[in-house]
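Presented below is the structure to which this report refers.
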Amino acid sequence: MTNKNAMDAPFIQEMMDITQIMWRNGWDERNGGNISYRLDKDEVAKYLDLNDVKRSIELEFPVKELANEYFIVTGSGKFFKNIQKNPEDTLAVVKVAEDGMSIDLLWGLVNGGRPTSELASHFMSHIERLKIDENHRVIMHCHTTNVIAMTFVHDPSPKAFTKTLWKMCTECIVVFPEGVSLLPWMVPGSNAIGEATAKEMKDHRLVIWPHHGIFGTGESLDDAFSLIETAEKAAEVYMLVASHHSGEIKQTITDEELQELADAFGVVPNPNYL
Ligand code: 2HA
Ligand code: ZN
């Protein structure tokens, strides 16, 4: 028995807040979007009994690199709209088993179900980001309207796409100097898209899935959210400009000005892009 109260856990409250904001932004219609957030064992232990495993869930891909790591994740088929009012049905706190072949459910998904259908993309991306950043915590996926729109009308090369985003809002190059990556269109929910996403996560924190949405990463929910928010804002400006009656950009931030920005803010733009 435990007298700990899971609902006091800041990581559960944070997930309730951020998913509600994302839904209100129109980024997570129906069951669209998913989040996984790596947690400190000691933090989890303050609110949950680590020995009280509700059930074990098999994985379709091994993640030995994440053995014994704790995560809070959104549930497969659950609606972001409903997480705030029903977190125990829609979220899950899990621990990856020692052999990386299954996860133990410690809290949530009380009405059954599994973690997000995009767990392969999430876990494979966590593995890559942790190699680069030991403070890495969050993988966030959502259906940002204007980023999706832009993938229909813009050159899909990562270089061209990045440079347009950088030029739509002055601070973009400072927020994501490494630029964005884009995959080819792929079937979601598969190990193949997971592998392709994780590969791009080695040197980008934003990976766009054309005609679908975006993946962002960071050291906190705020970090990943604000990265996505910045790219989506730039895409929104682009879509406003692109639908202007003349369809023609009269002036923009030049390549030289992008370099000036980078120098002024002390960031190094991706040399493949600028
Ligand atoms: O969970 O967003 O990509 C629904 C999705 C799948
Ligand atoms: Zn999606």
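The values are calculated or read from the model by the stated rules, or taken from the named source; none is laboratory data. Just so you know, these numbers come straight off a predicted model, no measurement behind them. Because the Cβ atoms are built from the backbone with ideal geometry, glycine has one as well, and the counts that use them run over all protein chains shown.
Quick notes
- Each residue in the stretch 162-202 was checked for being in a loop (DSSP other than H, G, I, E, B), over 15 Å from the mean Cα position of the chain (by Cα) and more than 13 Å from ligand 2 (Cβ to nearest atom), and 7 pass.
- Restricting attention to the stretch 179-195, the residues that are of a type outside the set (Ser, Thr, Tyr), surrounded by fewer than 19 Cβ atoms within 10 Å (Cβ to Cβ) and out of contact with any Pro (no Cβ under 8 Å at 6 or more places or on another chain) add up to 7.
- Considering the stretch 87-150, the qualifying strands (runs of 3 or more DSSP E), each wholly inside and each with 3 or more residues that are in contact (Cβ under 8 Å) with a residue 40 or more places away in the chain and within 16 Å of ligand 2 (Cβ to nearest atom), run over 138-142.
- Answer from Pro156, Pro188 - the residue that is farther than 30 Å from Thr252 by Cα and of a type outside the set (Ser, Thr, Tyr): Pro188
- Single residue of the stretch 133-154 satisfying the filter (within 14 Å of ligand 1 (Cβ to nearest atom) and within 23 Å of Ala198 (Cβ to Cβ)) that is surrounded by the most Cβ atoms within 10 Å (Cβ to Cβ): Ile139
- Among residues of the stretch 199-220 that are closer than 12 Å to Leu182 by Cβ, those with a Cβ under 7 angstrom from a residue that is among the acidic types (Asp, Glu), sequence gap 6+ or separate chain, pair up as His204/Glu178; Val207/Glu200.
- Checked against (1) surrounded by 14 or more Cβ atoms within 10 Å (Cβ to Cβ); (2) among the hydroxyl-bearing types (Ser, Thr, Tyr); (3) modelled with pLDDT of 95 or more, Thr254 passes all but condition (1).
- Residue within the stretch 27-38 that is among the polar types (S, T, N, Q), part of a helix (DSSP H, G or I), surrounded by 13 or more Cβ atoms within 10 Å (Cβ to Cβ) and touching a residue at least 60 places away in the same chain (Cβ under 8 Å) present: no
- Scanning the stretch 218-236 for residues that are within 16 Å of ligand 1 (Cβ to nearest atom) and assigned to a strand (DSSP E or B) yields a total of 0.
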